[in-house]
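The values are calculated or read from the model by the stated rules, or taken from the named source; none is laboratory data. Quick caveat, the model's predicted, so the values are computed rather than measured. Glycine also receives a Cβ, built like all others from the backbone with ideal geometry; neighbour counts cover every protein chain displayed.
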C-alpha cells in the first residue's frame, strides 16, 4: 500500500506535529491555530497517480521558507509555521 511505504521513508522534523514524529504539540495553546497542508496550503502540491488522480494524502512542500521545502510530506504532518492560504 502506498501510504505504508511512504510512512516508512518520510523524513520527520522537529517542526512537524508530534503525532507525525515532530515536536509541535498540536492544540497546545487554544488561542493558536494549527493548520496543516490538508487545509489548503498554496505551497502543498499533491502527488499525482499514473491515472491523473491527485493523491489524497501525500505531496511535496514548495514553500521556500518552510523546513519541509522539497520534501515528501503527509498532509497532516506539518503547517504550523509555514502554512499559507
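For the structure I just gave you, tell me whether residue 29 is loosely packed, with under 14 Cβ neighbours inside 10 Å, free of Cβ contacts under 8 Å to residues at least 12 places away in the same chain and either out of contact with any helix residue (DSSP H, G or I) (no Cβ under 6 Å at 6 or more places or on another chain) or in a loop (DSSP other than H, G, I, E, B) (or both). Walk me through it before giving the result.
On the way: loosely packed, with under 14 Cβ neighbours inside 10 Å: yes; free of Cβ contacts under 8 Å to residues at least 12 places away in the same chain: yes; either out of contact with any helix residue (DSSP H, G or I) (no Cβ under 6 Å at 6 or more places or on another chain) or in a loop (DSSP other than H, G, I, E, B) (or both): yes.
It is true that residue 29 is loosely packed, with under 14 Cβ neighbours inside 10 Å, free of Cβ contacts under 8 Å to residues at least 12 places away in the same chain and either out of contact with any helix residue (DSSP H, G or I) (no Cβ under 6 Å at 6 or more places or on another chain) or in a loop (DSSP other than H, G, I, E, B) (or both).
Kindly list the number of the only condition in (1) within 8 Å of the chain's Cα centre (by Cα); (2) over 17 Å from residue 4 (Cα atoms) that fails for residue 51.
Of the numbered conditions (1) within 8 Å of the chain's Cα centre (by Cα); (2) over 17 Å from residue 4 (Cα atoms), the odd one out for residue 51 is (1).
From the set of residues in the range 32-63 that are exposed (fewer than 14 other Cβ atoms within 10 Å of the Cβ) and closer than 17 Å to residue 85 by Cβ, which is modelled with the highest pLDDT? Reasoning before the result, please.
Quick first cut of the range 32-63, residues exposed (fewer than 14 other Cβ atoms within 10 Å of the Cβ) only: 32-33, 40, 42, 48-54, 56.
Cutting the leftovers down to closer than 17 Å to residue 85 by Cβ gives us 32-33, 40, 42.
Values: 32: 93, 33: 92, 40: 93, 42: 97.
Out of the qualifying residues, it is 42.
Looking at residue 40, is it closer than 18 Å to residue 71 by Cβ and within 16 Å of the chain's Cα centre (by Cα)?
On the way: closer than 18 Å to residue 71 by Cβ: no; within 16 Å of the chain's Cα centre (by Cα): yes.
So residue 40 fails the test.
In contact (Cβ under 8 Å) with a residue 60 or more places away in the chain and outside any loop (DSSP other than H, G, I, E, B): is that true of residue 15 in this structure? So that I can check it myself, show each step before the final result.
Details: in contact (Cβ under 8 Å) with a residue 60 or more places away in the chain: yes; outside any loop (DSSP other than H, G, I, E, B): no.
For residue 15, the condition - in contact (Cβ under 8 Å) with a residue 60 or more places away in the chain and outside any loop (DSSP other than H, G, I, E, B) - is not met.
Within the range 32-78, take every residue that is in contact (Cβ under 8 Å) with a residue 60 or more places away in the chain, in contact with a helix residue (DSSP H, G or I) (Cβ under 8 Å, 6 or more places away or on another chain) and in a loop (DSSP other than H, G, I, E, B) and give me the one that is farthest from residue 9 (Cα to Cα). It would help to see each step written out before you state the result.
Taking the range 32-78 and keeping what is in contact (Cβ under 8 Å) with a residue 60 or more places away in the chain, we get 71-74, 77-78.
Cutting the leftovers down to in contact with a helix residue (DSSP H, G or I) (Cβ under 8 Å, 6 or more places away or on another chain) gives us 72-74, 77-78.
The next check asks that each one be in a loop (DSSP other than H, G, I, E, B); those that pass are 77-78.
Numbers: 77: 14, 78: 16 Å.
That would be 78.
Specify the residue that is surrounded by the fewest Cβ atoms within 10 Å (Cβ to Cβ); the eligible residues are those in the range 9-26 that are within 15 Å of residue 66 (Cβ to Cβ) and in contact with a helix residue (DSSP H, G or I) (Cβ under 7 Å, 6 or more places away or on another chain).
Taking the candidates together, the pick is 12.
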